[in-house]
1. Listed highest first by mean packing, meaning other Cβ atoms within 10 Å per residue, what order do 323-330, 338-345, 114-121 come in?
2. Assuming a viscosity of 0.692 mPa s and a temperature of 37 °C, what translational diffusion coefficient in µm² per second does Stokes-Einstein assign to the chain, Rh being the Kirkwood radius over Cα pairs?
3. Could you work out how much longer the chain between residue 461 and residue 360 gets when fully extended? Use 0.36 nm per residue separation minus the Cα distance between them, nm to one decimal.
4. Could you compute the FRET efficiency for residue 350 and residue 485, with r as their C-beta to C-beta distance and R0 at 35 Å, rounded to 0.05?
5. How much length would be gained if the chain were fully extended between residue 317 and residue 41, taking 0.36 nm per residue of separation minus their Cα-Cα distance, in nm to one decimal?
6. Unpartnered cysteines of the chain (Cβ-Cβ under 4.7 Å counts as a partner)?
7. Would you calculate a helix-derived [θ] at 222 nm for the chain, using -39,500 (n - 2.57) for each DSSP H run of n ≥ 4 and dividing by the full residue count, to the nearest 500?
8. Just want the answer: with Cβ charges of +1 for Lys and Arg and -1 for Asp and Glu, which residue in 343, 164, 304 is farthest toward the dipole's positive end in the chain?
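What follows is calculated from the coordinates using simple rules that are stated; it is not laboratory data. For clarity, every value in this text was computed on a predicted model and none was experimentally measured. When we count neighbours, we look across all protein chains shown, and the Cβ atoms used for this are built from the backbone with ideal geometry, even at glycine.
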Amino acid sequence: MDNKAPKYLIVTYGCQMNKNDSERIASLLSDLGFEPTESDKEADLILINSCSVRKSAEDRVFGRVHDYRKLKEKNPNLIIAVTGCMAGRDKKGEFKAKMGPVDLYFPTSDMVKLPRWISELRPDLVNTTDLKSDYLKIRPLRAPSSQAYVSIQTGCNNFCTYCVVPYARGFESNRPAKDIMDEVKDLAAHGVIEITLLGQTVNSYKAPDPENFSSNNPYVISTAAERSINMSSRPQRRDLSEKISPLHPENFRGSGRNDRGNHFAALLWEVNQISELKRVHWTAPYPSQMSDEVIDALTLPKQVNFLHLPVQSGSNEVLRRMNRKYTREQYLEIINKVKAKRPGIALATDIIVGFSGETEEQFQETVSLFKEVDFDISYNAQYSPRSGTLGIKLYEDDIPAAEKRRRWRVLQELMEETALRKNQEFKDKTVNVLVEKIQDKWASGNTDEMKLCRFPCHDPSLIGKIVPVKVTLVQEWQLMGNIVE
Ligand code: SF4
């Protein structure tokens, strides 16, 4: 074997979950003796972690693969690997056929087989057949930071008609609470002060090992008597047709709770007990699983003053067609409870405009819901049908592109006005900022409301610390101010 360490380059597209998966792959490769490189020409292995949420994301992946295949013509030893959501949902090999030959092409969960595959392709670099059993057990390799993302589950059981995730990542699978807590404690011991728990529907988390929750955890039902009361009050088995009806009342706030209480709220409580941690954040919850316990957990001391709760549409008819398992009224009921429990909380959401069949009236219901909730920010998208989803099979994509763009602009303008007005509430107030970086003598980081804040700063020792900043100027997307000495 060559004495020089082999090099890898990972190119990641998409969400935080993908970034976290890339950190697991980096950890696997590092265990094999690989070192990271930024240069594709220097790499022995280039791995693309793909995203399939929109066609534009897929097109970027095709472009990258094309570039690296050209590189391989000059360097035939180069291993090109593609994983992530495109490979995960490509059951018929249609994407693969469009990419042309790549050396490795596998769903995320198969990353455990990478050591064996690499040693088959390049025995001069790696000689191992070691396999890990579960990719979620691989501890991610992260760059040193005061912030970290921790996946607590993967996959999704909801099958929203526009979404590829259940096809790409499979059914929901939850990590043991003990594994999650060990990882968070280890991160906290190494300087992480802000943790973000990640899951496709993070608040539906069910611990496979609830016995590992603390006996004094208020969200866990610990006595046999209490368990049996809770068991008897659980919904009984229903007729399958009722079960798949998205708006069936028992589908609302049913999950996450079982005979040991509410596991997601319990996990939040456990994480809050870690003294070195200062901030706890989580994304993305699903509305119908915002149980009273999870809403109550918004008041835990380290919880950021922020909730991102995707709504997607304000029209019950569109929600039904999207197979979202709540109504406009139920969503608003949750928001009202959240506001009552934690007044002043910043609210964010995701909205899709121009979903199949969305009338102008239905779009206006989304606009009115936006106004009623008074979101701080919304991530607005124009509907883009994805192959393989139920949406493309059931409904025609009948809203013209120009009309989708118009609706998107209407919402975008509303959001910009609202964001500025809401940010003005912070003028002359002092906010807590976790300093992420200092560039050109300006520090930047997020407040407790997850709003970007910038202030003049020359002191690099503040990176990774939470500092008070008095806000002097506000814009739509940022607050600016001065550190309070
Ligand atoms: S809840 Fe819906 S949108 Fe979210 S990951 Fe699951 S299927 Fe996709």
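1. 323-330, 114-121, 338-345
2. Details: Rh = 24.3 Å.
Rounded to a whole number, D works out at 135 µm²/s.
3. Working: separation 101, 0.36 × 101 = 36.36 nm, distance 5.28 nm.
Length gained between residue 461 and residue 360: 31.1 nm.
4. Working: r = 39 Å, r/R0 = 1.12.
Efficiency at R0 = 35 Å is approximately 0.35.
5. Working: separation 276, 0.36 × 276 = 99.36 nm, distance 5.20 nm.
Net length gain for the segment: 94.2 nm.
6. Within the chain, the cysteines lacking a partner Cβ under 4.7 Å are 15, 51, 85, 156, 453, 457.
7. Taken over the chain, the calculation gives -10000 deg cm²/dmol.
8. 164
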